[in-house]
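The values are calculated or read from the model by the stated rules, or taken from the named source; none is laboratory data. The model shown is predicted, which means the values in this text are computed figures rather than measured ones. Reconstructed Cβ throughout: ideal geometry from the backbone, glycine too, with neighbour counts over all protein chains shown.
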Amino acid sequence: MARLRETIEAWAARRAGTLPEKLNGRSPRVGADRMFNNPKGTHRRILQAHRAESLVPLEGFQGQALLLHDATVRDDSGLDVDGLG
């Protein structure tokens, strides 16, 4: 889970560029390659880990909570804007 979090945070911090450009250094790139190619890292397991982490702030909460998810997908590939895409 730590490798996934590190990779996603590095990815989100720098929107432009390739993944190797976003992952600063050899070690993060090798780690990300290993993670992406690991058969244990299934979509289901990643979503289970995400769900568990998302529910941590609600531990011990009494009452009702509304959880929302934004499933917006953006495609900026047709735009000619420096640093976008």
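Worth a mention:
- Being without any contact (Cβ under 8 Å) to a residue 24 or more places away in the chain, surrounded by 11 or more Cβ atoms within 10 Å (Cβ to Cβ) and β-branched (V, I, T) holds for only one residue in I46, I8, and it is I8.
- Test: residue in the stretch 10-20 that is modelled with pLDDT of 85 or more, of a type in the set (F, W, Y) and at negative phi: no
- On the stretch given as the stretch 14-43, residues that are exposed (fewer than 12 other Cβ atoms within 10 Å of the Cβ), of a type in the set (K, R) and over 13 Å from the mean Cα position of the chain (by Cα) total 3.
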